Amino acid sequence: EMTEVAIIGAGPAGLTLANLLQRNGIRCVVLEARDRSHVEERQRAGVLDHYGSEIFARAGLADAVIAGAFREKFLELRYEGEPHFFDGPSHAGGRAGVIVPQQLLVRRLLATFLDGGGDLRFGAEDVALHDLTTTPRVTYAGGELTAGYVAGCDGFHGVSRTSIPASSLTTYTFDHGIGWYTVLADAPPPRHALMAVSRHGFAAQFARGPQASRFYLEYRPGAEDPREWPDDYTWEQLRLRLGDPALPGGTITDKEIVEMRSFVAEPMAYAKLFLAGDAAHIITPMGAKGMNLALADAEVLARALTGALRGADDTALRSYSDTCLRRTWDYQEFSRWFTEMVHDAGAQDDPFRRRLARARFDRLWANPKAAEWFADMMAGTALL
Ligand code: RFL
């Protein structure tokens with residue numbers, strides 16, 4: 001069986017790539033290890049930045065993918081209980097992100113691809129990549145494909161990146177030394193996305209529907225295990241950090257640990273294999289860029305593959321990795337910058353860093369150029 005592009009993984013990166021190729025008339029097959037309901041129910045990211053939403057608008061997929069989504073305006077940054085409202089769109093020429101939970105985005109992309117006659121195979125276990133330097137072959141339990149190109153969109157734990165010889169890859173890993181504990185609770189949502197900076201540690205609250213909130217709390221990895229915190233203690237910590245003694249509690253329905261880790265693999269390509277999304281890079285949730293970076297990779301790759309397969313021009317494909325790595329490192333830096341600003345305020349043992357964090361925070365309100373830069377990063381940047 002032959003196809004033009006074999007796509008491994010049906011997450012945001014793989015499904016965006018599949019839809020864009022389909023619209024360009026390029027044949028592709030998507031191989032996904034899990035079943036459809038698992039893929040459709042995986043909750044993760046919540047915000048599509050402005051640049052991410054434009055990817056779908058450019059492809060004529062805005063109605064299919066972002067219809068009805070709520071536009072984000074204010075971000076509340078609360079410093080020791082004192083509220084500050086950042087109006088990102090007004091500092092970024094009106095560019096606003098939209099709230100699109102990742103599972104909704106995935107569901108819509110899946111439906112659009114399948115309605116258009118797309119070939120997506122769920123439950124494709126034991127995927128293995130062969131002959132990447134000549135005519136790529138993909139084997140999986142129950143089948144085999146020959147493809148012109150392979151797109152590795154199978155996330156951090158997938159097989160694509162590990163199919164590249166170690167000598168052809170440089171990897172960078174950074175541990176921020178911070179842990180995040182997240183809980184989902186039946187508690188009234190905040191009016192605006194809320195991040196609270198405090199000497200007791202960082203905390204955040206985001207809406208998850210009309211009667212639910214997701215909270216995040218910083219913790220000290222190695223020194224404490226928040227999975228052992230009684231729920232009362234979690235609420236006490238949230239009230240302290242959010243500076244809101246009257247914060248209503250509620251039933252906690254889900255508890256998870258989020259790793260604050262950064263990772264980049266370079267280059268994002270090897271012979272006829274191209275990595276996109278989490279398969280190539282992991283970014284901390286600060287700045288909410290992980291999913292958006294995956295979508296941006298997919299758009300660059302779709303254009304490059306189309307050029308190679310339809311225009312007999314592989315220039316864009318050869319620069320694919322460099323193009324995507326520029327944005328990847330730009331977003332990594334932003335995420336690190338943001339992480340330091342909101343966590344160093346709680347650096348009990350380091351008063352100097354605490355003061356720097358305050359200066360970084362104050363600059364956003366004192367210097368319009370700094371506000372513009374921050375808003376621009378929140379909206380997402382082209383960098384092509
Ligand atoms: P995904 O979403 O991991 O999809 C990979 C797909 O590949 C499949 N797969 C395989 N298929 C075939 N063979 C194999 N061997 C396979 N191995 C894996 C998997 O089943 C899956 O369907 O990667 P992709 O497409 O690159 O998308 C990346 C995003 O999912 C990720 O960056 C974001 O979720 C990160 N992230 C956030 N990003 C944001 O932009 N904003 C956020 O607010 C945000 N919050 C988050 C997040 C990630 C989180 N976790 C748990 C990782 C919050 C959390 C909690």
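Could you tell me the calculated FRET efficiency between Arg363 and Asp63, based on Cβ-Cβ distance and R0 = 41 angstrom, to the nearest 0.05?
For R0 = 41 Å, the calculated efficiency reads 0.55.
Taking the Cα centre of segment 114-178 as origin, work out the dipole magnitude from +1 charges on Lys and Arg Cβ and -1 charges on Asp and Glu Cβ, in debye rounded to 20.
Dipole of segment 114-178, to the nearest 20 debye: 180 debye.
Summing +1 for each Lys or Arg and -1 for each Asp or Glu, what net charge is found among the other residues whose Cβ lies under 15 Å from the Cβ of Asp254?
Every neighbour counted, the sum reads +2.
Could you give the length gained on full extension between Tyr172 and Lys73, defined as 0.36 nm per residue of separation minus the Cα-Cα distance, in nm?
Gain on stretching Tyr172 to Lys73: 32.2 nm.
Arrange the peptides 95-102, 187-194, 279-286, 141-148 so that the one whose residues have, on average, the most other Cβ atoms within 10 Å appears first.
With the highest mean Cβ count within 10 Å placed first, the list reads 279-286, 95-102, 187-194, 141-148.
Taking a probe of 1.4 Å, how large is the accessible area per residue of segment 86-190, in Å²?
42 Å²
With an 8 Å Cα cut-off and a minimum separation of 6 or more residues, compute the relative contact order for segment 189-237 in percent.
Normalised by residue count, the contact order of segment 189-237 is 27 percent.
Can you compute the charge dipole magnitude of segment 1-81 about its Cα centre, using +1 on each Lys and Arg Cβ and -1 on each Asp and Glu Cβ, nothing else charged? Give it in debye, rounded to the nearest 20.
Dipole of segment 1-81, to the nearest 20 debye: 100 debye.
Got a sec? Charge dipole of segment 41-183, +1 on Cβ for Lys and Arg, -1 for Asp and Glu; which of Gly97, Phe56, Val127 is way out at the positive end?
Farthest along the dipole direction, towards plus: Phe56.
With all protein chains present, how much of the accessible area of segment 1-155 (probe radius 1.4 Å) comes from carbon and sulfur, to the nearest whole percent?
48 percent
Per 0.36 nm of contour for each residue apart, how much would the distance between Asp186 and Gln211 grow if the chain were fully extended, relative to their Cα-Cα spacing?
Gain on extension, Asp186 to Gln211, equals 8.4 nm.
Size of the dipole of the chain about the Cα centre, Lys and Arg at +1 and Asp and Glu at -1 on the beta carbon, nothing else charged, in debye to 20?
For this selection, approximately 780 debye.
Over segment 199-276, with every protein chain in place, what whole percent of the accessible area is carbon and sulfur at 1.4 Å, could you tell me?
Looking at segment 199-276 in its full context, I get 49 percent from C and S.
When DSSP assigns beta bridges and you keep just the ones with both residues in the chain, what percent turn out antiparallel, to the nearest 5?
Roughly 70 percent of the beta bridges in the chain run antiparallel, per DSSP.
Measure nothing fancy, just the Cα-based angle from helix 320-343's long axis to the longest principal axis of the chain, in degrees from 0 to 90, nearest 10.
10 degrees
Which residue, chosen from Cys324, Tyr149, Pro210, occupies the Cα position most advanced towards the positive end of the dipole of the chain, where the dipole is computed from +1 (Lys, Arg) and -1 (Asp, Glu) charges on Cβ about the Cα centre?
Working it through, the farthest residue towards the positive pole turns out to be Cys324.
Can you compute the radius of gyration and Dmax for segment 85-209, using only the Cα atoms, both in Å?
Cα-based Rg and Dmax for segment 85-209 come out at 21.5, 57 Å.
Just to check I understand the Karplus step: with θ = phi - 60° and J = 6.51 cos²θ - 1.76 cosθ + 1.60, what whole-Hz values come out for segment 34-41, glycine and proline as x?
Each residue of segment 34-41 in turn: 8, 8, 4, 5, 4, 5, 6, 9 Hz.
By how many degrees, between 0 and 90 and to the nearest 10, does the Cα long axis of helix 290-310 differ from the longest principal axis of the chain?
20 degrees
Please turn the phi angles of segment 46-61 into ³J(HN,Hα) values with the Karplus equation 6.51 cos²θ - 1.76 cosθ + 1.60 (θ = phi - 60°), one per residue in order, whole Hz, x for glycine and proline.
In residue order, the calculated couplings are x, 10, 9, 6, 4, 4, x, 5, 5, 4, 6, 4, 4, 8, x, 10 Hz.
Using only alpha carbons, build the gyration tensor for segment 121-177 and give me the equivalent ellipsoid semi-axes, biggest first, whole Å.
With the √(5λ) rule applied to segment 121-177, the semi-axes are 25, 16, 8 Å.
Using the basic label-point model (7 angstrom from Cα toward the beta carbon), what is the Thr162 to Arg220 distance in nanometres?
3.5 nm
All other residues with a Cβ under 15 Å from the Cβ of Gly143 taken together, and with Lys, Arg as +1 and Asp, Glu as -1, what is their net charge?
-4
If one takes the longest principal axis of the Cα atoms in the chain, at what angle in degrees, from 0 to 90 and to the nearest 10, does the Cα axis of helix 102-115 lie?
20 degrees
Through the Karplus equation 6.51 cos²θ - 1.76 cosθ + 1.60, θ set to phi - 60°, convert the phi angles of segment 73-83 into ³J(HN,Hα) values in whole Hz; use x for Gly and Pro.
Per-residue couplings from phi come out as 10, 8, 10, 8, 10, 9, 10, 6, x, 9, x Hz.
At Leu383 and Arg27, where each label point lies 7 Å from the Cα along Cα→Cβ, what is the point-to-point distance in nanometres?
Between Leu383 and Arg27, the simple spin-label model gives 3.6 nm.
On a C-alpha basis, how far is the centre of segment 234-278 from the centre of segment 3-64 in Å? Whole number, if you could?
Using only Cα atoms, the two centres lie 22 Å from each other.
At what distance in nm do the modelled label points of Asp119 and Glu41 sit from each other, each positioned 7 Å from its Cα along Cα→Cβ?
Roughly 3.0 nm, to one decimal.
Helix-only mean residue ellipticity at 222 nm, the chain, DSSP H runs n ≥ 4 weighted -39,500 (n - 2.57), per residue, nearest 500. What is it?
-11000 deg cm²/dmol
Provide the FRET efficiency to the nearest 0.05 for the Leu356-Gln103 pair, computing r from the beta carbons and using R0 = 30 Å.
0.20
The values are calculated or read from the model by the stated rules, or taken from the named source; none is laboratory data. Everything numeric here is computed off the predicted structure, so don't read it as measured data. Note that we place each Cβ from the backbone using ideal geometry, even for glycine, and neighbour counts take in every protein chain shown. Surface areas here come from the heavy atoms of the whole protein model, side chains and all, with no ligands, DNA or RNA. Shrake-Rupley method; radii C 1.70, N 1.55, O 1.52, S 1.80 Å.
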